[in-house]
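Here's the structure, in structure tokens; my notes come after.
No lab work stands behind these numbers, since they all come straight from the coordinates. Only a predicted model underlies this, so the values are computations on that prediction, with no experimental measurement involved. Here Cβ is always computed from backbone atoms with ideal geometry, including for glycine, and neighbour counts include all displayed protein chains.
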Amino acid sequence: QQQVKQSPQSLIVQKGGISIINCAYENTAFDYFPWYQQFPGKGPALLIAIRPDVSEKKEGRFTISFNKSAKQFSLHIMDSQPGDSATYFCAAPNTGGFKTIFGAGTRLFVKA
Amino acid sequence: NAGVTQTPKFQVLKTGQSMTLQCAQDMNHEYMSWYRQDPGMGLRLIHYSVGAGITDQGEVPNGYNVSRSTTEDFPLRLLSAAPSQTSVYFCASSYGGGAGNTEAFFGQGTRLTVV
């Protein structure tokens, strides 16, 4: 019962370009939309998150855009750098709130 | 402040053996969870706990047991290891709810190989 669909599975971007990763959810009761970043050999770490009372949140080069009507939220990485090469996950809770479902992940590679 | 500590970092088991993956957090978080990460599958929830003495199943609980006797510790037990349990296991804790409700802090992971 996939509740969070993430795309693309992998992404290659030139240095300085824009990386865009999308996530679609099913449960309209979700009220927290995070993105986690994972480097090889490490655990995931929260990168940025948004609550649905705003449509966009920006932290440095990272922006979350939230489209409530389409039930989608996306991560934009501006001026992508080789150091951004990592796997990115979106996440959302299930109906009960405690069984967090992660997207399948997007492997980003930024070419120097 | 160590955050979430997992041990061991690497483990090789023979089919049928049992073992316990350890997880400890020092942030006084009520919510703890275990995930397994497999290529192309993302992070799948195995078991979770909303406080000491309270545990529940996630998406893929079969073959695993958990207990939560203290707020700090949340061990994961493999009852009879199978090759299908070869994976990277992550423990996570958060102040309230799961990683989909509030920031979750993850351990460094345990890479388990079952031969």
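How big is the antiparallel share of DSSP beta bridges in the protein assembly as shown, given as a percent to the nearest 5?
Working: 70 of 79 bridges.
Within the protein assembly as shown, antiparallel bridges account for around 90 percent of the total.
If R0 is 25 Å, what FRET efficiency do you get for A:LYS58 and A:LYS15 from their C-beta distance, rounded to 0.05? Working shown, then result.
Working: r = 21 Å, r/R0 = 0.82.
The value I calculate is 0.75.
With +1 on the Cβ of every Lys and Arg and -1 on the Cβ of every Asp and Glu, and nothing else charged, how large is the dipole of chain A about its Cα centre, in debye rounded to the nearest 20? Before the final figure, lay out each step's value.
Values: 12 positive and 7 negative charges, 38 e Å.
Computed about the Cα centre, the dipole is about 180 debye.
For each of B:ARG68, A:ARG61, B:ARG36, count neighbouring Cβ atoms within 10 Å of the residue's Cβ, then give the residues from fewest to most. All intermediate terms of the calculation are to be shown ahead of the outcome.
Values: B:ARG68 20, A:ARG61 14, B:ARG36 24.
Placing the least packed residue first, the sequence is A:ARG61, B:ARG68, B:ARG36.
Take the alpha-carbon centre of the stretch A:1-45, take the same for the stretch A:58-87, and report the distance between them in whole Å.
If we compute the Cα centre of each part, the gap is 8 Å.
In sequence order, what are the phi-derived ³J(HN,Hα) couplings for the stretch B:68-73 according to the Karplus relation 6.51 cos²θ - 1.76 cosθ + 1.60 with θ = phi - 60°, rounded to whole Hz, with x for glycine and proline?
9, 8, 9, 5, 7, 10
In the protein assembly as shown, what is the volume of the convex hull around the alpha carbon atoms, normalised per residue and reported in Å³? Don't jump to the answer; show the numbers that get you there.
Working: hull volume 27.0 nm³, N = 227.
For the protein assembly as shown, the hull spanned by Cα atoms encloses 119 Å³ per residue.
For the stretch B:27-115, what is the relative contact order in percent, using Cα pairs closer than 8 Å and at least 6 residues apart in sequence?
Result for the stretch B:27-115 is 29 percent.
Residues of B:21-29, mean number of Cβ from any other protein chain within 10 Å of their own Cβ, rounded to a whole number? Walk me through the numbers on the way to the answer.
Numbers: counts 0, 0, 0, 0, 0, 0, 0, 0, 0.
If you average over the peptide's residues, the count of other-chain Cβ atoms is 0.
With only Lys, Arg, Asp and Glu charged, each at its Cβ (+1 for the first two, -1 for the last two), find how big the charge dipole of chain B is about the Cα centre; round to the nearest 20 debye. If you can, show how the numbers build up before the last one.
Details: 7 positive and 8 negative charges, 95 e Å.
Dipole size: approximately 460 debye.
Can you return the aspartates and glutamates within cross-link range of B:LYS14? Criterion is Cα-Cα under 20 Å, with same-chain partners fewer than 8 residues away left out.
By straight Cα distance, B:LYS14 reaches B:ASP38.
Mind sorting B:THR20, A:THR106 by how few other Cβ atoms lie within 10 Å of their own Cβ, fewest first?
If I rank by nearby Cβ atoms, fewest first, I get B:THR20, A:THR106.
Around B:GLN108, with a cut-off of 13 angstrom between Cβ atoms, what is the net charge of the other residues, counting Lys and Arg +1 and Asp and Glu -1?
On the way: positive: A:LYS42, B:LYS9, B:ARG111; negative: none.
Net charge in that neighbourhood comes out at +3.
Pick out, from B:VAL60, B:GLY16, B:GLN37, the residue whose Cα sits farthest towards the positive end of the charge dipole of chain B, with +1 on the Cβ of Lys and Arg and -1 on the Cβ of Asp and Glu.
The residue sitting farthest along the positive end of the dipole is B:GLY16.
Could you give the size of the charge dipole of the stretch A:47-91 about its Cα centre, using +1 on the Cβ of each K and R and -1 on the Cβ of each D and E, expressed in debye and rounded to the nearest 20? List each step's numbers first, then the result.
On the way: 6 positive and 5 negative charges, 41 e Å.
Around 200 debye, computed over the stretch A:47-91.
Using Cα pairs closer than 8 Å and at least 6 residues apart in sequence, work out the relative contact order for chain A, in percent.
On the way: 274 pairs, mean separation 41.1, N = 112.
Answer for chain A is 37 percent.
Can you sort B:HIS29, A:HIS76 by how many other beta carbons sit within 10 Å, fewest first? If you can, show how the numbers build up before the last one.
Numbers: B:HIS29 20, A:HIS76 16.
In increasing order of surrounding Cβ atoms, one gets A:HIS76, B:HIS29.
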